[in-house]
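A.B. asks: Let me begin by handing over the structure; questions about it come next.
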Amino acid sequence: MAAPTLRSLARELGVSRTTISEALRGSPRVRASTAERIRVAAAAAGYHHNPLAGAIMSELRRSRGELFRGVLAIIGVDEPDRPAYSERFHRELVSGATARAAELGFKVERFTIGPLLTQRRLNHILQSRSIRGVLLLPTWRDPDFLKLEWPRYAGVYLDYQIARPALRCICSDHFRSMMDALQRLRGLGYRRPGVILPRHHDERIHHRWEGAFLAFQQHHPAPRPVPPLVIDVINERSFSAWFRRHDPDVVLGHFVEAIDWMRACGAKVPRTHGFFCLNLVHAEGPCAGLDQEPHQIGVRGVDIVVAQLHRNERGVPKSVSLTTLSSTWVDGPTLRRRPGAV
């Protein structure tokens, strides 16, 4: 028996192929009762709607035959309290996603939810343009995208965890990255590392930075181990009190301002003490640290969404999954090999 097609369904139901197509992609232009009748008949016949087909044909008509497979949306949230440096991370995510999408024949559009663009309004825009693939940028506060109509979309969150809704996620492997960094610092001769973490940073990733640091200390005991400094706000006063009391020989943290604070306490970086940045998007100048590979996270995010589209998978997945990527060590002038290093 021949596979069902739009033409055969239209002939059987006495409607146009356009009506069949619009009903199966959820267009509001089709009466609800008609759309339901079409969905039931399509399911009974074993017809599987290709969510990319409508977008492909529409864009092909506009582009006169250029390679095109669809449009992907990259969605962020307008958060006034989000630190400015996070936008640099977002730009790298978008850059990676845009480059990979182009390789696969997709275009990318970025949207920002806020006072001028609500989630409900964004739904109308995405549906009117037949956009089915969605990448969500990391949010500073707990992400909540429940007002998007997820049965229509394939999506991924470009950060550690999202519960509203529970989508597939992709992010840096914070735990492994910390462990690897500490092991390499040990190889350079540093024996008393200390880590500084704003509490909100660590909580967002379920304490993976701090957990890895404490686990490394447990398995590589040192005289007078340095307790992590995890507080709400890290400033020169709180840092200096911690640094003078515990005197770590290398400091790991996000904020390179700590280098000046170390020097104010008498440290000579890198001759007497070292500094290692946990996310180099924070560094304005040369510094040793971790490249968390946001460009590559964007690349892999597109791969995940496009794979879902090709499998005709939409909506919130039945099981939660997390893809993690290793960060890259970057040498810099804030570290040196210490005497006695092996």
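A.B. asks: For the stretch 262-295, name all the residues that are surrounded by fewer than 22 Cβ atoms within 10 Å (Cβ to Cβ) and touching a Leu at 6+ places or on another chain (Cβ under 6 Å).
C.D. replies: The answer is P270, D291, E293.
A.B. asks: Same structure again: If A166 passes every condition in (1) in contact (Cβ under 8 Å) with a residue 60 or more places away in the chain; (2) surrounded by fewer than 21 Cβ atoms within 10 Å (Cβ to Cβ); (3) not assigned by TED's automatic domain parsing to the domain that holds R120 but one, which one does it miss?
C.D. replies: Here A166 clears every test but (3).
A.B. asks: Something else now. Within the set of pairs 6+ apart or on separate chains, which have a first residue in the stretch 92-103 that is closer than 18 Å to C171 by Cα, a second that is aromatic (F, W, Y) and buried (at least 21 other Cβ atoms within 10 Å of the Cβ), and C-beta atoms under 6 Å apart?
C.D. replies: Short answer, once both residue conditions are applied: none.
A.B. asks: Still on this structure, please answer the following. Output the qualifying pairs, or none if there are none: Cβ atoms under 6 angstrom, residues six or more apart or on different chains, first residue in the stretch 238-264 and at pLDDT 95 or above, second residue of a type in the set (K, R).
C.D. replies: Within 6 Å, the pairs are P248/R192; D249/R192.
A.B. asks: Name the single residue, out of those in the stretch 235-267 being in a loop (DSSP other than H, G, I, E, B) and among the acidic types (D, E), that is nearest to R338 (Cα to Cα).
C.D. replies: For the stretch 235-267, the residue satisfying everything is D249.
A.B. asks: Is it fair to say I125 is buried (at least 20 other Cβ atoms within 10 Å of the Cβ) and over 27 Å from V256 (Cα atoms)?
C.D. replies: Considered against the rule, which asks whether it is buried (at least 20 other Cβ atoms within 10 Å of the Cβ) and over 27 Å from V256 (Cα atoms), I125 comes out as no.
A.B. asks: Within the stretch 306-319, identify whether any single residue is touching a Ser or Thr at 6+ places or on another chain (Cβ under 6 Å) and either surrounded by fewer than 20 Cβ atoms within 10 Å (Cβ to Cβ) or not in a helix (DSSP H, G or I) (or both), and answer yes or no.
C.D. replies: Narrowing the stretch 306-319 to residues touching a Ser or Thr at 6+ places or on another chain (Cβ under 6 Å): none.
Within the stretch 306-319, not a single residue is touching a Ser or Thr at 6+ places or on another chain (Cβ under 6 Å) and either surrounded by fewer than 20 Cβ atoms within 10 Å (Cβ to Cβ) or not in a helix (DSSP H, G or I) (or both).
A.B. asks: Restricting to the stretch 190-232, give me the number of residues that are part of a strand (DSSP E or B) and either in contact with a Pro (Cβ under 6 Å, 6 or more places away or on another chain) or buried (at least 16 other Cβ atoms within 10 Å of the Cβ) (or both).
C.D. replies: Adding up the residues that qualify gives 8.
A.B. asks: Turning to a different aspect of this structure: Would you confirm, using the coordinates I've provided, whether R82 is basic (K, R), assigned by TED's automatic domain parsing to the domain that holds A154 and either assigned to a strand (DSSP E or B) or modelled with pLDDT under 95 (or both)?
C.D. replies: Spelling it out, R82 is indeed basic (K, R), assigned by TED's automatic domain parsing to the domain that holds A154 and either assigned to a strand (DSSP E or B) or modelled with pLDDT under 95 (or both).
A.B. asks: Limited to the stretch 174-187, what total is found for residues that are in contact (Cβ under 8 Å) with a residue 60 or more places away in the chain and surrounded by fewer than 19 Cβ atoms within 10 Å (Cβ to Cβ)?
C.D. replies: 4
The values are calculated or read from the model by the stated rules, or taken from the named source; none is laboratory data. Because the structure is predicted, anything quoted here is derived from the model rather than measured. Quick reminder, even Gly has a Cβ in these numbers, built from the backbone with ideal geometry, and neighbours come from all protein chains shown.
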